[in-house]
Amino acid sequence: MVEHKFSIRARGYGEKMDLRKHEQGTEIKAITMHMMKILAPDFILTEEGRGSRDADGQMSDFPFEAYVLLDI
């Protein structure tokens, strides 16, 4: 097995918890595949498959992006 040193710089976004909008759960159970999206510099990977990616919407500091939903 070949191991390489690497680092990840990440930024997270989401909504603040609002009990009038979000039902309170006891814990995060899993990251769901529903609506998951991984954006690489030249392709997009979703639950439906792989497609091409335009560079227009790409952030220069973050060439890879991941969008996930947390199941609570």
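Points to keep in mind about this one:
- Top positive-direction residue, dipole computed over the chain with Cβ charges, set I38, L70, G25: G25
- Its Cα centre serving as origin, the chain has a Cβ charge dipole (Lys and Arg +1, Asp and Glu -1) of approximately 200 debye.
- Burial order of peptide ranges 37-47, 2-12 (average beta-carbon count within 10 Å, highest first): 37-47, 2-12
- The Rg/Rh ratio of the chain, with both radii computed over alpha carbons and Rh defined as the Kirkwood radius, is 1.05.
- Prolate/oblate/rounded label for segment 30-71 (Cα gyration tensor, a/c 1.5): oblate
- Full-extension gain in nm, A66 to K21, via 0.36 nm per residue minus C-alpha separation: 13.8 nm
- For segment 40-49, the Karplus equation 6.51 cos²θ - 1.76 cosθ + 1.60, evaluated at θ = phi - 60°, returns couplings of 9, x, 10, 8, 10, 10, 10, 5, 7, x Hz by residue, with Gly and Pro reported as x.
- Candidates G14, G49, G25, ranked by Gaussian network fluctuation over the chain, Cα under 10 Å, top entry: G14
FYI, it's all coordinate maths here, none of it is from the lab. These numbers come from a predicted model, not from an experiment. As a convention, Cβ positions derive from the backbone with ideal geometry for all residues, glycine included, and neighbour counts pool all protein chains shown.
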